[in-house]
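S.K.: Pasting in a structure now, in structure tokens, and then I'll have a few things to ask.
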Amino acid sequence: MKRVVSIQDISCLGKCSLTVALPIISAAGVETAIVPTAVLSTHTAFSGGFTFHDLTGEIDPISEHWKKEGFTFDAIYTGYLGSLEQINIVKKFFDDFKTEGTYIVVDPAMADNGCLYKGFTEDFAKEMATVCAKADICVPNLTEACFMLGEEYKPSGYTREYIENILKGLSALGPRYAVLTGVSFEDDKLGVMAYDKENDTFFEYYNEKIPTSFHGTGDVFASSFTGALMNDLTVEDALKVAVDYTLESIKMTVKDENYNWYGVNFEKAIPKYLELLGE
Ligand code: PXL
């Protein structure tokens, strides 16, 4: 059985980070170890008042114990990180646990729609680029990529050259595969564009665009991508699965007339995920 470790926070309510990664990667038939970096009452998109209990001090002791036990991982998948100190500790974790067969997937979850999430600074975004530098595959959205690279953010109406330039900028940081999520060249289509620097090739895949925006879709995407990769799909095929599953999660969300803005109905879309994985 393949084993992934996901390093990110637990937002107790709000469907993101570990409460998304754990069920989705597990559904893909992959053992999912976790390193919780903080416990929050909700994710930070709720208006104020959320609790935040920092667990930075736990990461090294957990990793030391795991080293003693000789645990290994087929993938290390990181998402939201809460501080510069956590960034450095996570990079050390990569150095400690990366073997030849370990995929490092980095989702620099910190921004969307042109804005950084609460509590982050532009300096933090630049440091997050050093985490992407150590990845095999990084999966930012366009906002995150622009903050990391210091590029101008264009919400829409961009050219293929603009996206290709950003992908090349991301891969120049270090990762073999740079992926941009939420790419759209046509009003009714949304998907990903990726660059494989080893083969100097671009890849793109789009599906239907539902004209609403939900929180947590990036985490659903990165988790389902990691689960697909661990089912021995190629990076390109795993990206297709992640696009199609994220779309299905959004469709399941809007189907319920009492839906919430704060997270998508990835649960009801799990059967579709298994179908996409060929189960
Ligand atoms: O979905 C990304 C995410 C993860 N964790 C926390 C967040 C967010 C986005 O706002 O606030 C705590």
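The values are calculated or read from the model by the stated rules, or taken from the named source; none is laboratory data. What you see is a predicted model, and the numbers here were worked out from it, not measured in a lab. Virtual Cβ from ideal backbone geometry, glycine too; neighbours counted across all protein chains shown. SASA here: full protein model, heavy atoms, side chains in, ligands and nucleic acids out. Shrake-Rupley method; radii C 1.70, N 1.55, O 1.52, S 1.80 Å.
S.K.: Which condition does Cys12 not pass, out of (1) surrounded by 18 or more Cβ atoms within 10 Å (Cβ to Cβ); (2) within 11 Å of the ligand (Cβ to nearest atom), if it passes all the others?
M.R.: Of everything listed in (1) surrounded by 18 or more Cβ atoms within 10 Å (Cβ to Cβ); (2) within 11 Å of the ligand (Cβ to nearest atom), Cys12 misses just condition (1).
S.K.: Select from region 91-116 the residues that are open to solvent by 60 Å² or more (accessible area, probe 1.4 Å) and more than 15 Å from the chain's Cα centre (by Cα) and write down the one among them that is farthest from the ligand (Cβ to nearest atom). I'd like the intermediate steps shown before the answer.
M.R.: Here is the first cut: in region 91-116, the residues open to solvent by 60 Å² or more (accessible area, probe 1.4 Å) are 92, 95, 98-100, 103, 113, 115.
Add one more test, that the residue is more than 15 Å from the chain's Cα centre (by Cα), and what stays is 92, 95, 98-100, 113, 115.
Numbers: Lys92: 21, Asp95: 24, Lys98: 24, Thr99: 28, Glu100: 30, Asn113: 11, Cys115: 11 Å.
My answer is Glu100.
S.K.: While we're on this one: Go through (1) modelled with pLDDT of 95 or more; (2) within 16 Å of the ligand (Cβ to nearest atom) for Ile62 and report which single condition fails.
M.R.: If we test Ile62 against (1) modelled with pLDDT of 95 or more; (2) within 16 Å of the ligand (Cβ to nearest atom), just (2) comes out false.
S.K.: For region 214-252, enumerate the residues that are among the aliphatic types (A, V, I, L, M) and either open to solvent by 10 Å² or more (accessible area, probe 1.4 Å) or more than 16 Å from the ligand (Cβ to nearest atom) (or both). Show your work before the answer.
M.R.: Step one: list which residues in region 214-252 are among the aliphatic types (A, V, I, L, M), which gives 220, 222, 228-230, 233, 235, 238-239, 241-243, 247, 250, 252.
If the condition is that a residue be among the aliphatic types (A, V, I, L, M) and either open to solvent by 10 Å² or more (accessible area, probe 1.4 Å) or more than 16 Å from the ligand (Cβ to nearest atom) (or both), then Ala228, Leu229, Met230, Leu233, Val235, Ala238, Leu239, Val241, Val243, Leu247, Ile250, Met252 are the ones that fit.
S.K.: I've got another one for you. Yes or no: Ser184 within 21 Å of Tyr117 (Cβ to Cβ) and either small (Gly, Ala, Ser) or without any contact (Cβ under 8 Å) to a residue 12 or more places away in the chain (or both)?
M.R.: On the way: within 21 Å of Tyr117 (Cβ to Cβ): no; either small (Gly, Ala, Ser) or without any contact (Cβ under 8 Å) to a residue 12 or more places away in the chain (or both): yes.
When the stated conditions are applied, Ser184 does not pass them.
S.K.: Of (1) without any contact (Cβ under 8 Å) to a residue 12 or more places away in the chain; (2) farther than 22 Å from Ser249 by Cα, Ser26 satisfies all except one. Which?
M.R.: The single condition Ser26 does not satisfy is (2).
S.K.: Only one of Pro36, Pro23 is touching a Leu at 6+ places or on another chain (Cβ under 8 Å), within 20 Å of Val220 (Cβ to Cβ) and either open to solvent by 10 Å² or more (accessible area, probe 1.4 Å) or not polar (S, T, N, Q) (or both). Can you tell me which?
M.R.: Numbers: Pro23 fails: touching a Leu at 6+ places or on another chain (Cβ under 8 Å).
So the residue among Pro36, Pro23 that is touching a Leu at 6+ places or on another chain (Cβ under 8 Å), within 20 Å of Val220 (Cβ to Cβ) and either open to solvent by 10 Å² or more (accessible area, probe 1.4 Å) or not polar (S, T, N, Q) (or both) is Pro36.
S.K.: Looking at (1) surrounded by fewer than 22 Cβ atoms within 10 Å (Cβ to Cβ); (2) within 16 Å of the ligand (Cβ to nearest atom); (3) not small (Gly, Ala, Ser), which is the only condition Glu69 fails?
M.R.: Failing condition for Glu69: (2).
S.K.: Here's something else I'd like to know. Inspect region 205-217 for any residue being in a helix (DSSP H, G or I) and out of contact with any Leu (no Cβ under 8 Å at 6 or more places or on another chain) and give the result as yes or no. Quick ask: steps written out before the conclusion?
M.R.: Quick first cut of region 205-217, residues in a helix (DSSP H, G or I) only: 217.
Now restrict to residues that are out of contact with any Leu (no Cβ under 8 Å at 6 or more places or on another chain): 217.
Yes, the conditions are met somewhere in region 205-217.
S.K.: Yes or no: region 138-156 includes at least one residue that is in contact with a helix residue (DSSP H, G or I) (Cβ under 9 Å, 6 or more places away or on another chain), in a helix (DSSP H, G or I) and loosely packed, with under 14 Cβ neighbours inside 10 Å. Outline the logic, then answer.
M.R.: Step one: filter region 138-156 for residues in contact with a helix residue (DSSP H, G or I) (Cβ under 9 Å, 6 or more places away or on another chain), giving 138-142, 144-155.
Of the ones still in play, those that are also in a helix (DSSP H, G or I) are 142, 144-149.
If we keep only those that are loosely packed, with under 14 Cβ neighbours inside 10 Å too, we end up with none.
No.
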